[in-house]
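The block underneath contains the structure these notes are about, expressed in structure tokens.
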Amino acid sequence: MSRRCELTGKGPMTGNNVSHAKNRTRRRFLPNLNDVTLQSETLGRGIKLRISAAALRSVDHRGGLDAFLAKAKDEELSTAALKVKKEIAKAQAA
């Protein structure tokens, strides 16, 4: 399973561990990913996603999953999230 947020595309970053003696060794900074079920008002069901804590706050701030996906760029979304975005757009059009 990739360590990538399905909504924002956040992934691992690299950097250094720096000791008191300024010795540097490479390390990875992993995103804070959580398995969550978000409710879609349009579809009337829950959607399981693996998203970062920051993305979860953004979803709440924008007013839910439907509003977040409407504004999200397609390049950042995973294939599962993109599929849900298209389902929501289709349901809203009908």
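Observations, loosely collected:
- Cβ pairs under 7 Å, 6+ apart, first in the range 1-22 and within 18 Å of residue 34 (Cα to Cα), second part of a loop (DSSP other than H, G, I, E, B) and among the hydroxyl-bearing types (Ser, Thr, Tyr): 6/78
- For the range 37-60, the tally of residues that are open to solvent by less than 80 Å² (accessible area, probe 1.4 Å) and farther than 27 Å from residue 93 by Cβ stands at 5.
- Considering residues of the range 1-36 that are of a type in the set (A, V, I, L, M) and in a strand (DSSP E or B) only, the residue most open to solvent (accessible area, probe 1.4 Å): 13
- Test: residue in the range 40-61 that is on the phi > 0 side of the Ramachandran plot and either under 13 Å from the mean Cα position of the chain (by Cα) or not hydroxyl-bearing (Ser, Thr, Tyr) (or both): yes
Listed here are the residues, each with its yes/no results for (1) assigned to a loop (DSSP other than H, G, I, E, B); (2) in contact (Cβ under 8 Å) with a residue 12 or more places away in the chain; (3) over 23 Å from residue 1 (Cα atoms).
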{"residue": "43", "(1), (2), (3)": "yes, yes, yes"}
{"residue": "48", "(1), (2), (3)": "no, yes, no"}
{"residue": "56", "(1), (2), (3)": "no, yes, no"}
{"residue": "59", "(1), (2), (3)": "no, yes, no"}
{"residue": "66", "(1), (2), (3)": "no, yes, yes"}
{"residue": "75", "(1), (2), (3)": "yes, yes, no"}
{"residue": "81", "(1), (2), (3)": "no, yes, no"}
{"residue": "84", "(1), (2), (3)": "no, yes, no"}
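The values are calculated or read from the model by the stated rules, or taken from the named source; none is laboratory data. Remember, predicted model here, so these are calculated numbers, not experimental data. As a convention, Cβ positions derive from the backbone with ideal geometry for all residues, glycine included, and neighbour counts pool all protein chains shown. All accessible areas refer to the heavy atoms of the entire protein, side chains included, with ligands and DNA or RNA removed. Shrake-Rupley method; radii C 1.70, N 1.55, O 1.52, S 1.80 Å.
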